[in-house]
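Here it is: the structure, laid out below.
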Amino acid sequence: MATCCICGQKIGGWGEDKLTLDESKSYICCYKCAPLIRDIEKADSPEILQAKSNALSKLMSDHETIDDVQIIIKQKIEQIVLEKGYTNVVTNPCPICGYSLSTSDSACPECGLIIYNNKPAYSTSELASIYNKRYDQYSRNPLYEYKVETIMDSAILGKFDKEAVEKVLTEYATQGWHLHSSFSNEVGKNAAVGINATINQTILIFERCIKA
């Protein structure tokens, strides 16, 4: 029984949807991979062709498809691009995950590899070196600590407590903290003496460097 040249799945007999990729080498695609090839052949826009090519690249990467099959598929896509006059369709795979990169990509959408001028910012060997030396970099990075303070609005009228916020900011500032970020969190609504009030929490996040 034959196996799919892309995903390695066994291919059934008569009646199963399949596609011959290369007769001379008996490269056949199974019922799951064949529709992707057909969708690429029928793509009526460069965006659809790019999306289908990306999906096929991801599939080949996940199943570690042999290089020979990847080359045949890449040549097929390049031929379609040439015949239909599409632009901005890229078949060059990401060296890390195999995802097909678009000319508009500043980073690989699949693994996050940074891209410059449609080429990876770092080679695979450079990335490996960076990864292996990451602990050296950690020791050179500054270290920070954080504190979170919560200040409630008035429980009756929902009035923002300006004085309480100023007091907390001042206390933390004198200890070397600075305000990193803040946001409000609605915790409920109250109706009193004919007035409807929204009650919020004011969340303050403070940051302090403990190692330059």
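What pairs can you find where one residue is in region 140-154 and in contact (Cβ under 8 Å) with a residue 24 or more places away in the chain, the other is loosely packed, with under 11 Cβ neighbours inside 10 Å and not hydroxyl-bearing (Ser, Thr, Tyr), and their Cβ atoms are less than 8 Å apart, with a gap of 6+ or different chains?
142/211; 142/212; 143/210; 143/211; 144/210; 145/210
Quick one: is residue 103 in contact with a Lys or Arg (Cβ under 6 Å, 6 or more places away or on another chain), modelled with pLDDT under 75 and within 27 Å of residue 45 (Cβ to Cβ)?
no
Name the residues in region 38-77 that are buried (at least 18 other Cβ atoms within 10 Å of the Cβ), of a type in the set (Val, Ile, Thr) and within 13 Å of residue 4 (Cα to Cα), would you?
Selection gives 65, 69.
I would also like to ask the following. I'd like the full set of residues that are at pLDDT below 85 and either over 28 Å from residue 112 (Cα atoms) or assigned to a strand (DSSP E or B) (or both), limited to region 21-59.
21, 22, 23, 24, 25, 26, 31
Residue 91: surrounded by fewer than 16 Cβ atoms within 10 Å (Cβ to Cβ), at pLDDT below 80 and part of a loop (DSSP other than H, G, I, E, B), yes or no?
no
Separate question: Yes or no: residue 25 out of contact with any Leu (no Cβ under 8 Å at 6 or more places or on another chain), more than 27 Å from residue 109 (Cα to Cα) and loosely packed, with under 14 Cβ neighbours inside 10 Å?
Considered against the rule, which asks whether it is out of contact with any Leu (no Cβ under 8 Å at 6 or more places or on another chain), more than 27 Å from residue 109 (Cα to Cα) and loosely packed, with under 14 Cβ neighbours inside 10 Å, residue 25 comes out as yes.
In region 138-158, which residues are outside any strand (DSSP E or B), at pLDDT 80 or above and out of contact with any Lys or Arg (no Cβ under 8 Å at 6 or more places or on another chain)?
Once the filter is applied, which keeps residues that are outside any strand (DSSP E or B), at pLDDT 80 or above and out of contact with any Lys or Arg (no Cβ under 8 Å at 6 or more places or on another chain), region 138-158 yields 138, 139, 140, 141.
The values are calculated or read from the model by the stated rules, or taken from the named source; none is laboratory data. In this text the structure is predicted, and so the values were computed from the model without any measurement. Methodologically, a virtual Cβ is constructed for each residue, glycine included, from the backbone with ideal geometry; neighbour enumeration extends over all protein chains shown.
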